[in-house]
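Peer 1: Here it is: the structure, laid out below.
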Amino acid sequence: MSEHTSATTATGINMYDVRPTTEVPAESPLAWSYHHTGHPGVSQRSRVVIRERAMLGHVVLRGGAIVLDEAVRQVLGFGLPARPNTLNQDPSGERSAQWLSPDEWLVIVPGGEEFSLEAKLREALGDAHYAIVNVSGGQTLLELEGEAATELLMKSTPYDVHPAGFPVGKGVTTVFAKSNLILRRPAEDRWELVLRRSFADYLYRWLLDAGQEYAIGVDD
Amino acid sequence: MLHIYCPYCEELREEEEFHPKGQAHITRPADPDACSDEEWGDYLFFRDNPRGIHHEMWVHAIGCRKFFNVTRNTVTYEILETYPMGEQPRFTAEYPEGKPADQLNDAQQEPSRQEGVHV
Ligand SMILES: [Zn+2]
């Protein structure tokens, strides 16, 4: 939240807003890429469209499933996904929680909510044994849509993205174009790619290159 | 290319996502001050190199990033089983066809994770 510009102490832990309001505007990990590589427009011919959902709140939760699930349920109104490689969302689709490992989940919320989310979770968790890390500054989310989106993914990852093996509500961390990312499918016709900052430019350029034959466009 | 079942992700993944991490089930001497140099040296430096069934640690590096155990045949490359840390293998050099049922614990009969969370 923008009103919290300095460190706040909650349960003896220093919490920092990784995106405080300053004179220097915060930029997405892809800002440099847009400037240097450009962003081809969406046309009638585009069979794949990329859209960045920049500056969302990304929070990694670690700890016991039961205690974290209870706290997330209390704060967000929906629970953590219980099964490996799955994704839970609120009805609006704006807030999601994804299984990353048996004791680790990625929660994504609209930008600006992450700081208060962390504070509320810390309050709900009390003395439980857990870790919450706000990683919003370290990664970004790309949406991939269009009839050729699955084809584009097939060129990029060894993971089986056939609808039979990758139903809606699934999400995995996997190899992608010799790099890695989190790949998830929140809706029938939409994929989401969670990229790390250091890989973002490379992966963005990979997607543009691999998507050239589908007249890929970047929606902004 | 091996197809490896991650016991935490509960599905088969490409070998590319994993790294081998050496021999499994190595126990650190409980009281390092009391053990001999030979015991300590064995623990630190000496590893088995069997021809046939071998127990190894692997990590699902591009995935859940958990370590787990693999029983692998070093001659055929066949992976006989993968199992979570802290558990014992079902297939061993002594029982290449699998341990008899009375030697298996409950966890091996019914592998389950993540109990207690509601969808
Ligand atoms: Zn795994």
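Peer 1: If you restrict to DSSP beta bridges whose two residues both lie in the protein assembly as shown, what percentage is antiparallel, to the nearest 5?
Peer 2: Expressed as a percentage, antiparallel bridges in the protein assembly as shown total about 95.
Peer 1: Along the Cα-to-Cβ line of B:E11, 7 Å from the Cα, sits a label point; which residues in segment B:21-65 have backbone N less than 17 Å from it?
Peer 2: B:60-65
Peer 1: Just the number, please: buried accessible area between B and A, total of both chains, 1.4 angstrom probe, nearest 100 square angstrom.
Peer 2: In total, this chain pair buries about 1900 Å².
Peer 1: Just check segment A:1-131 against the gyration tensor rule for me: Cα atoms, a ≥ b ≥ c as the square roots of the eigenvalues, rounded for a/c under 1.5, and otherwise prolate or oblate depending on whether a/b exceeds b/c.
Peer 2: Numbers: a/c = 2.61, a/b = 1.40, b/c = 1.87.
Judged from the Cα gyration tensor, segment A:1-131 comes out oblate (a/c at least 1.5, b/c at or above a/b).
Peer 1: So for A:D103, A:D69, what's the accessible-area order with a 1.4 Å probe, most first?
Peer 2: A:D103, A:D69
Peer 1: How large is the accessible surface per residue of chain B, computed with a 1.4 Å probe and reported in Å² as a whole number?
Peer 2: Ligands and nucleic acids excluded, the figure is 64 Å² per residue.
Peer 1: If I ignore ligands, DNA and RNA and count only protein heavy atoms, how much of B:R13 is accessible to a 1.4 Å probe, in Å² to the nearest 10?
Peer 2: 0
Peer 1: Any chance you could give the angle, 0 to 90 degrees and rounded to 10, that helix A:114-125 forms with the longest Cα principal axis of chain A?
Peer 2: For helix A:114-125, the angle is close to 40 degrees.
Peer 1: Positive end of the charge dipole of segment A:29-218 (Lys, Arg +1 and Asp, Glu -1 on Cβ, about the Cα centre): tell me which of A:V60, A:S179, A:H162 has its Cα farthest that way.
Peer 2: About the Cα centre, the residue reaching furthest to the positive side is A:S179.
Peer 1: Ignoring ligands, DNA and RNA, how do A:L153, A:L208 rank by accessible area with a 1.4 Å probe, largest first?
Peer 2: Final ranking, largest accessible area leading: A:L208, A:L153.
Peer 1: Right, something else. Under 1.5 on a/c is rounded, so check that first for segment A:106-185, then, if it is not, pick prolate when a/b is larger than b/c and oblate when it is not; a ≥ b ≥ c are the square roots of the alpha carbon gyration tensor eigenvalues.
Peer 2: It comes out prolate by the Cα gyration axes.
Peer 1: In angstroms, what radius of gyration and Dmax does segment A:29-218 have, counting Cα atoms only?
Peer 2: 16.8, 56
Peer 1: Could you list, bin by bin from short to long, the percent of Cα-Cα pairs of segment A:47-117 in 5 Å steps?
Peer 2: Binned Cα distances yield the sequence 4, 16, 28, 25, 15, 7, 3, 2, 0.
Peer 1: Enumerate the amide H contacts of B:R13 below 5 Å, restricted to partners 5 or more residues apart or on another chain; note that Pro and chain-start residues carry no placed amide H.
Peer 2: Under 5 Å from the amide H of B:R13: B:I4, B:Y5, B:C6.
Peer 1: Using a probe radius of 1.4 Å on heavy atoms only, what accessible surface per residue do you get for segment A:108-220? Whole Å² is fine.
Peer 2: Roughly 41 Å² per residue, with all protein chains present.
Peer 1: Identify which of B:T82, B:T92, B:T27 has the largest mean-square fluctuation in a Gaussian network model of chain B, with springs joining Cα atoms closer than 10 Å.
Peer 2: B:T27
Peer 1: List, by residue number, every residue in segment A:160-185 with a reduction of 40 Å² or greater in accessible area between the chain on its own and the complete protein assembly, 1.4 Å probe.
Peer 2: Buried by 40 Å² or more upon assembly, which counts only protein chains, are A:T173, A:V175.
Peer 1: Could I ask something else about it? Taking only the alpha-carbon atoms of the protein assembly as shown, what semi-axes of the equivalent ellipsoid follow from 5 times the gyration tensor eigenvalues under a square root, in whole Å, largest first? Can you show the working numbers first?
Peer 2: Working: eigenvalues 307, 146, 76 Å².
Ellipsoid half-lengths, sorted descending, are 39, 27, 20 Å.
Peer 1: Ok, one more. Anyone know which of B:E81, B:E15, B:E38 comes out most mobile in the 10 Å Cα GNM of chain B?
Peer 2: Comparing B:E81, B:E15, B:E38 in a Gaussian network model of chain B, the most mobile one is B:E38.
Peer 1: Using 7 Å Cα-to-Cβ label points, what is the A:S198/B:D33 separation (nm, one decimal)?
Peer 2: Label-label distance for A:S198 and B:D33, simple model: 4.0 nm.
Peer 1: A further question on this structure: Return the carbon/sulfur percentage of the accessible area of segment B:3-104, one whole number, probe 1.4 Å, all protein chains in place.
Peer 2: Answer for segment B:3-104 is 49 percent, counting heavy atoms of protein chains only.
The values are calculated or read from the model by the stated rules, or taken from the named source; none is laboratory data. These numbers were taken from a predicted model, which means no experiment stands behind them. Reconstructed Cβ throughout: ideal geometry from the backbone, glycine too, with neighbour counts over all protein chains shown. Only protein heavy atoms, including side chains, enter the accessible area calculation; ligands, DNA and RNA are left aside. Shrake-Rupley method; radii C 1.70, N 1.55, O 1.52, S 1.80 Å.
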